[in-house]
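Engineer: This is the structure I want to talk about, given as structure tokens.
The values are calculated or read from the model by the stated rules, or taken from the named source; none is laboratory data. Source: prediction; values computed, not measured. For neighbour counting, all protein chains shown are included, and Cβ atoms are generated from backbone atoms with ideal geometry for every residue, glycine included.
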Amino acid sequence: MFQPLLEAGLRQTMYRLVRPMLSNAVPLALQRRLIQQAYRSSPPPRDTRFSRDDLGNVPVLRARGKDEPVGTLVYLHGGGYIIGSAATHKGIAGHLAKLSGCEVIIPDYRLAPEHPYPAAADDAESVYLALISQGKAAENIAVAGDSAGGGLSLALAMRLRAHGHPLPSSITCFSPWTDLTEQHLYSPECEPVLHASWTQNAARMYAGDTPLTNPLISPVFGDLTDLPPLLIQVGSQEILLNDATRLAEIAKRDGVATTLEIYNNLWHVFQVHGGQMDRATNALKVAAEHIRHHLAG
């Protein structure tokens, strides 16, 4: 009985507190401050250790569990490319570090509109290549991300492929934002988190003068051939549901080993409630198993 009540309470919290923040009527600087405070409700496990570092001239946050890491996970945070940071995603990163056994690297990539495309993708690639240059084997590096970070994870893999660099062992996407044209948004009966007008404005700020159909901005318009195994998790109560299902279809079309999980009656990036909400924790366990399974060991 407790978990259904908790889910209902969290849904109302997202709808009444978080969704109003993500509005074009709220100045962007204030959105950034408010979302920083909102993520305080998503704490990491107590035994997670965090440290600041710099990789490829990009500031990063490192998250480790209590055991020696078995691999490295580059986690790209969400926020429409305009808000969010490594600090806001300490909770989800900490849980992934504990469950996967990996050290999690969260880049503080540059945000739009101050730094439009390709700044975020440049920073993600710089971090990944810095790990390679330090002797990390690509087969022991995984990539994951939520929302915009999910789309950025795919863009990173496509850039690495185009530049002839070794690809990560796997990709995990939570509620990925993969079509910034918003031509095929889903219309759920309940959307507790996102406004289509907000994501549309964020897309314009991020893309700048680059067409929204550029595959490195909207991966559903790209060729995903030879990308590593892909896990996609999405809630049924979000406007980005079609972004996830279309991504799965395109990935399978291009021969990518793909798993799509749709969580009924859950919302955008519900995994941030890991450690509190059972279905969020279980989803993170599935993601951690996907990550561990594809590491070289």
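Engineer: Conditions: (1) under 20 Å from N140 (Cα atoms); (2) modelled with pLDDT under 95. S41 meets all but one. Number of the miss?
Structural biologist: Result: S41 fails condition (1) only.
Engineer: Identify the residue in segment 40-81 that is more than 18 Å from the chain's Cα centre (by Cα) and β-branched (V, I, T) and, among all such residues, is surrounded by the most Cβ atoms within 10 Å (Cβ to Cβ).
Structural biologist: This residue is T48.
Engineer: Taking the stated definitions as given, is D53 of a type in the set (D, E) and touching a Gly at 6+ places or on another chain (Cβ under 7 Å)?
Structural biologist: Criteria not met by D53.
Engineer: Regarding E182, is this residue assigned to a loop (DSSP other than H, G, I, E, B) and among the acidic types (D, E)?
Structural biologist: yes
Engineer: Answer yes or no as to whether L227 is buried (at least 23 other Cβ atoms within 10 Å of the Cβ), in contact with a helix residue (DSSP H, G or I) (Cβ under 9 Å, 6 or more places away or on another chain) and assigned to a loop (DSSP other than H, G, I, E, B). Let's see the steps before the verdict.
Structural biologist: Numbers: buried (at least 23 other Cβ atoms within 10 Å of the Cβ): yes; in contact with a helix residue (DSSP H, G or I) (Cβ under 9 Å, 6 or more places away or on another chain): yes; assigned to a loop (DSSP other than H, G, I, E, B): yes.
Here the answer is yes, as L227 does meet what is asked.
Engineer: Exactly one of these conditions fails for R64: (1) modelled with pLDDT under 95; (2) of a type in the set (K, R); (3) over 14 Å from H273 (Cβ atoms). Give me its number.
Structural biologist: Result: R64 fails condition (1) only.
Engineer: Oh, and also: Could you check segment 114-162 and list, in sequence order, the residues that are out of contact with any helix residue (DSSP H, G or I) (no Cβ under 8 Å at 6 or more places or on another chain), under 20 Å from D223 (Cβ atoms) and not in a helix (DSSP H, G or I)?
Structural biologist: P118
Engineer: Follow-up. Here are some residues: T210, T199, T181. Which one is out of contact with any strand residue (DSSP E or B) (no Cβ under 9 Å at 6 or more places or on another chain), farther than 19 Å from A288 by Cα and without any contact (Cβ under 8 Å) to a residue 60 or more places away in the chain?
Structural biologist: After applying the criteria, what remains is T181.
Engineer: Which pairs do you get when a residue that is closer than 17 Å to P45 by Cβ, found in segment 277-297, comes within reach of a residue that is crowded, with 22+ Cβ neighbours inside 10 Å and β-branched (V, I, T), reach meaning Cβ atoms under 8 angstrom, with the pair 6+ apart or on two chains?
Structural biologist: Pairs found: A280/V272; L284/I92; A287/T172; I291/T172.
Engineer: Then there's this: Return the residue satisfying two criteria in turn: it lies in segment 273-297 and is in a helix (DSSP H, G or I), of a type outside the set (G, A, S) and in contact with a strand residue (DSSP E or B) (Cβ under 8 Å, 6 or more places away or on another chain), and of such residues it is nearest to L167 (Cα to Cα). Can you show your working first?
Structural biologist: As a first pass, look at segment 273-297 and keep what is in a helix (DSSP H, G or I): 273, 278-294.
Filter again for of a type outside the set (G, A, S), leaving 273, 278-279, 281-282, 284-286, 289-294.
Next cut, in contact with a strand residue (DSSP E or B) (Cβ under 8 Å, 6 or more places away or on another chain) only: 279, 286, 290-292, 294.
Details: R279: 30, V286: 22, H290: 16, I291: 14, R292: 16, H294: 12 Å.
Restricting to residues being in a helix (DSSP H, G or I), of a type outside the set (G, A, S) and in contact with a strand residue (DSSP E or B) (Cβ under 8 Å, 6 or more places away or on another chain), the top hit is H294.
Engineer: What residue, among those in segment 15-37 that are assigned to a helix (DSSP H, G or I) and hydrophobic (A, V, I, L, M, F, W, C), is nearest to H77 (Cα to Cα)? Explain how you work it out, then say what you get.
Structural biologist: The first filter runs over segment 15-37 and keeps only residues assigned to a helix (DSSP H, G or I), leaving 15-21, 28-37.
After this cut, where a residue has to be hydrophobic (A, V, I, L, M, F, W, C) as well, the list is 17-18, 21, 28-30, 34-35.
Numbers: L17: 20, V18: 17, M21: 18, L28: 17, A29: 18, L30: 19, L34: 16, I35: 13 Å.
Taking the candidates together, the pick is I35.
Engineer: Among the candidates A119, A130, which residue alone is closer than 25 Å to S51 by Cβ and in contact with a Leu (Cβ under 6 Å, 6 or more places away or on another chain)?
Structural biologist: A130
Engineer: Here's something else I'd like to know. Across segment 134-152, what is the total count of residues that are of a type in the set (S, T, N, Q) and either more than 16 Å from V60 (Cα to Cα) or at pLDDT below 95 (or both)?
Structural biologist: Of the residues in that region, 2 qualify.
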